[in-house]
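Asks: The structure under discussion is supplied below as structure tokens; questions concerning it will follow.
The values are calculated or read from the model by the stated rules, or taken from the named source; none is laboratory data. Note that the structure is predicted; figures quoted are calculated from it, not measured. With ideal geometry, Cβ positions are generated from the backbone for all residues, glycine too; neighbour counts draw on all protein chains shown. Quick note on the areas: whole protein, heavy atoms, side chains included, nothing else; ligands and nucleic acids left out. Shrake-Rupley method; radii C 1.70, N 1.55, O 1.52, S 1.80 Å.
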Amino acid sequence: MKKRVLHVSCDGLGNGGVQAVIMLIVRNLKMDFAFDIVVSMEDTGYYTEEFLKQGKIFCIPLNNRTTKWKRRISEYLWPFKLYSGIKKILENNGPYDAIHCHNYFDAGVCLLVAKQKGIPVRIAHSHNTKSPEEHLNFFRKIYTRAYKSLIREHATHKLGCSKDACSYLFEDDNAKVINNAIDLKKFNPEIYKLPLEQSRLNEIRFIHVGRFSYQKNQSFLINVFKYIHDRVENTSLTIIGHGSDEEKIRQMIENYKLEDSVSILPHDTNIPAVFAESDIMIFPSTYEGLGIALIEAQAMGVSCFASTAVPSEANLGLCRYLDLQEGHEHWGREIVQSIKGGKKEKSFVNMDSYNMNNIKELYRGFYLNKL
């Protein structure tokens, strides 16, 4: 009989970095393990249909209230709702051999219940680092301190996608860095060796992949591209993503009269194919656990400019770091300088450390409690 593993997502099953990690695990270990998942968004996500072919999806929905005070009350009550929800799921659908939590500090509550219910393998997995805005919220400070204590007490395994991500969630030396694997069958330059249209041969094509949000910092991205576009002929920018800040970014594009040079594609776009036609990735995140989009870009031979908030582990040889504090004009000057000598042939990097064929054996060991 297959061992049973319950994943806990950080939100839903949309097309995000955490969800991509979960789905790679499921695809590569489905012959040996049975997987279910807990989400906090009821709407159908990018991976929902695929996951349902492997296991059950349980939802403990967040209360997205309309007023500030209702949202605040829901925030205070959320730990109790999460506790009772996880408890009910385990009681009605268990037993499970392992629980794998990707929901940051909320993992503390899930791991507490899992220990009470006798689940032997309890994994907390950190995918991000501290937001610069967190220090503004007193409740957040109390919340993180209490939840870190729960994680330390009840997790049997602590994993992170980078050293910074481990330090953020666990603050101890017992956490293990495990690379976020990418699907090298998809992110394979050999698949996309197609000639470009004649009109695009001399074009400098910029790319950005990320959720429209404060973290991914697309307003800074547009300012950088505007600087470049005003000084270098034949440049274009493609943005792939979705999120709450999309309308604001579209307004910036219109105000700067960049509609003919900037295109926004939906999050379910064939990202490897777009990378194959791109020259430079701009990734000005305000904070980042790793930056899996940078790994994917470099796998496709795309040169990258990233903020110093991105962990150094994301640099596989094609990434250059710039400080956000230097401003968008500094970024623009550095990027313009890099392309003045003309377009460069793409370089490709060794991706063995991000190959799922290697990394899946680590997960197998964790789930079987052998590591």
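Asks: Can you compute the label reach from Asn234? Point 7 Å from Cα along the Cβ direction, backbone N cut-off under 15 Å, restricted to the range 335-371.
Replies: 339-345, by backbone N distance to the label point.
Asks: Using a probe radius of 1.4 Å on heavy atoms only, what accessible surface per residue do you get for the range 229-371? Whole Å² is fine.
Replies: Heavy-atom accessible area per residue stands at 48 Å².
Asks: Now for a different question. Roughly what would the spin-label model give for Glu329 and Thr308, points 7 Å off Cα along C-beta, in nm?
Replies: 2.0 nm
Asks: Leaving out ligands, DNA and RNA, what percent of the accessible area of the chain is carbon and sulfur, probe 1.4 Å?
Replies: 48 percent
Asks: Quick one: which of Lys117/Lys176; Lys68/Lys226; Lys68/Lys158 span more than 32 angstrom between C-alpha atoms? Don't jump to the answer; show the numbers that get you there.
Replies: Details: Lys117/Lys176 25 Å; Lys68/Lys226 36 Å; Lys68/Lys158 34 Å.
With Cα atoms farther than 32 Å apart: Lys68/Lys226; Lys68/Lys158.
Asks: How do the peptides 268-277, 18-27 rank, highest first, by the average count of neighbouring beta carbon atoms within 10 Å per residue? Each step should come with its number before you reach the end.
Replies: On the way: 268-277: 17.3, 18-27: 20.8.
The peptides rank, most packed first, as 18-27, 268-277.
Asks: Between [x] 63, 47, 38; [y] 95, 77, 42; [z] 59, 42, 38, which entry matches Cα extents along the principal axes in Å as derived from the coordinates of this structure?
Replies: Comparing each candidate, only [x] matches the computed number.
Asks: Quick check: pseudo-label points 7 Å beyond the Cα along Cα→Cβ at Cys59 and Lys248, how many nm apart are they?
Replies: Between Cys59 and Lys248, the simple spin-label model gives 2.7 nm.
Asks: Compute the signed sum of charges (Lys and Arg +1, Asp and Glu -1) over the other residues within less than 15 Å, Cβ to Cβ, of Leu29. Please report the intermediate quantities before stating the final value.
Replies: Numbers: positive: Lys2, Lys3, Arg4, Arg27, Lys30, Lys53, Lys360, Arg364, Lys370; negative: Asp32, Asp36, Glu50, Asp97, Asp183, Glu361.
It works out to a net charge of +3.
Asks: Here is a further query. Spin-label point model (7 Å from Cα, Cβ direction): what's the Asp260 to Lys346 distance in nm?
Replies: 2.8 nm
Asks: Separate question: Could you work out the helix-only [θ] at 222 nm for the chain, with each DSSP H run of four or more residues adding -39,500 (n - 2.57) and the total divided by the number of residues, to the nearest 500 deg cm²/dmol?
Replies: Working: 12 runs with 138 residues, N = 371.
That comes out to -11500 deg cm²/dmol.
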